[in-house]
Amino acid sequence: MLKPLPISPLPVSFEVEYQAPAYARLPVQRGTSTRGDLTALKHQHQKITMITAYDAPSGRIADAAGVDLILVGDSAAMVVLGHDSTVPATSEEMIMFTRAVTRGAHRPLVIADLPFGSYQVSDEQALESAIRFVKEAHADAVKLEGAGPMLSRVRALTGAGIPVMGHIGLTPQTATMLGGFKAQGRSAVKAARLYEDALALEAAGCFSVVLEAVPAPVAARITEALDIPTIGIGAGAACDGQVLVWHDLLGLYEGHAPRFVKQYAELAPAIGAAVEQYASEVRDGTFPEEKHTYAMTEEELALFEESLAEVRAG
């Protein structure tokens, strides 16, 4: 448990009147689901739910909603930090986001995206990066993109006891090489390559594989072939589970949503209206009202006024 900051005791009247917001009173301890639970869900034909989260409140909400997995995605570079791609995300930023989510989420398995440049150079670099996420941010697992040369990275991490989720199909960190943010595996040759990559990732030790922007029939064949779960995003309903980005699902973005996104809420207009009303009420003086303020006794107020008079006189 975090040590409280040293602060002076509050006046009795404030202690009585002040009540911490609900989100500040929730417990911090975490207990996660396990890799074995996910494999069991696959073999029981129960769908696995995964969502991205980037801070303690979103982690807490996802947990309370009953999702199985939380991905602290490098999509934060785009949806939180305003970049045009995931590439600019740094390890320091991703560790900060992951640390926040693990403070809020109690039960789900929390998986941290290894950002671009933190694992591509060597197995040693990948291991050093992953260890930081486990030790400093308390991630339960990490995710990396690609197969081929990345298979040795998976083996290095799993050999050190760090669970790894794979990711093939559209891999945003290398989207430029793939011709942009486009579906992958749409030809027989490329579909066969994805199939082989998925099997190779399983053999290297991955506990799950994300299939992004892959034709549904290809994802279905991969899912059938693997003993480990597949998590789809734009890969059809046959995958063992699904993942969506927090901001996409909740409608917290501007512009066109990807084809595979189902928007379950439109929060951006509601939030915008709330902020606009707040600004208007501050400007016209209707906020704060008396019920939003704290009082003091007449005696204390009189003593305060006397002290001010002395200061002015002196």
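With θ taken as phi - 60° and the Karplus curve 6.51 cos²θ - 1.76 cosθ + 1.60 applied, the whole-hertz 3J(HN,Hα) list for region 272-289 is x, 5, 5, 5, 4, 5, 4, 4, 5, 6, 5, 5, 8, x, 7, 10, x, 8 Hz, x standing for glycine and proline. Short-range pairs are left out: with C-alpha atoms under 8 Å and at least six residues apart, the relative contact order of the chain is 13 percent. Taking the longest Cα principal axis of the chain as reference, the axis of helix 298-313 is set at about 80 degrees.
For the chain, with the dipole built from +1 on Lys and Arg beta-carbon atoms and -1 on Asp and Glu ones, taken about the Cα centre, which of LEU170, LEU199, VAL245 lies farthest toward the positive end? Looking along the dipole axis, the top candidate is LEU199. For region 197-254, a crude dipole built from +1 on the beta carbon of Lys and Arg and -1 on the beta carbon of Asp and Glu, taken about the Cα centre, is about 80 debye to the nearest 20.
For the chain, what is the mean residue ellipticity at 222 nm derived from helices alone (per DSSP H run of n ≥ 4: -39500 (n - 2.57); sum divided by total residues; nearest 500 deg cm²/dmol)?
-13000 deg cm²/dmol
A Cβ-based charge dipole, computed about the Cα centre of region 270-313 with Lys and Arg at +1 and Asp and Glu at -1, lands at about 280 debye. Enter the angle in degrees (range 0 to 90, nearest 10) between the Cα long axis of helix 188-204 and the first principal axis of the Cα atoms of the chain, meaning the one along which they spread out most. The angle comes out near 70 degrees. Once you reduce region 50-92 and region 276-314 to the center of their Cα atoms, the two points are 40 Å from each other.
In a shell of Cβ-Cβ distance under 9 Å around ALA204, excluding ALA204 itself, what net charge do Lys and Arg (+1) and Asp and Glu (-1) give?
Around ALA204, the surrounding residues sum to +1.
Fewest-first ordering of LYS42, LYS47, LYS291, LYS135 by other beta carbons within 10 Å of each residue's beta carbon gives LYS291, LYS135, LYS47, LYS42. Between the residues GLY285, LEU301, GLY272, the greatest Cα displacement towards the positive end of the dipole of region 270-313, with unit charges on the Cβ of Lys, Arg, Asp and Glu, is found for GLY272. Where does helix 91-104 land angle-wise versus the long Cα axis of the chain, in degrees 0 to 90, nearest 10? Approximately 70 degrees, to the nearest 10. Remark: for residue pairs LYS42/LYS190; LYS47/LYS262; LYS47/LYS143, the C-alpha separation exceeds 24 Å in LYS42/LYS190. Evaluated with a Cβ-only charge set (Lys, Arg +1; Asp, Glu -1), the chain carries a dipole of roughly 1740 debye about its Cα centre, given to the nearest 20.
DSSP bridge analysis restricted to the chain gives an antiparallel fraction near 0%, rounded to the nearest 5.
Ordering VAL218, LEU127, GLY161 by the projection of their Cα atoms onto the charge dipole of the chain, which places +1 on the Cβ of Lys and Arg and -1 on the Cβ of Asp and Glu, puts VAL218 at the extreme positive end. You can think of it this way: the chain between GLU136 and ALA279 has 47.6 nm of extra reach, that is 0.36 nm per residue less the Cα-Cα gap.
Can you put VAL72, VAL261, VAL110, VAL67 in order of Cβ neighbours within 10 angstrom, beginning with the fewest?
Fewest to most other Cβ atoms nearby, the residues stand as VAL261, VAL67, VAL110, VAL72.
Once mean projected area of the Cα convex hull in nm² is calculated for the structure shown, the corresponding label among (1) 14.4; (2) 20.0; (3) 21.9 turns out to be (3).
Ordered by the number of other Cβ atoms lying within 10 Å of each residue's own Cβ, fewest first, SER208, SER91, SER122 fall into the sequence SER122, SER91, SER208.
Each value in this text was obtained by applying a stated rule to the coordinates, not by laboratory testing. Computed from a predicted model, the values in this text were never measured in an experiment. When we count neighbours, we look across all protein chains shown, and the Cβ atoms used for this are built from the backbone with ideal geometry, even at glycine.
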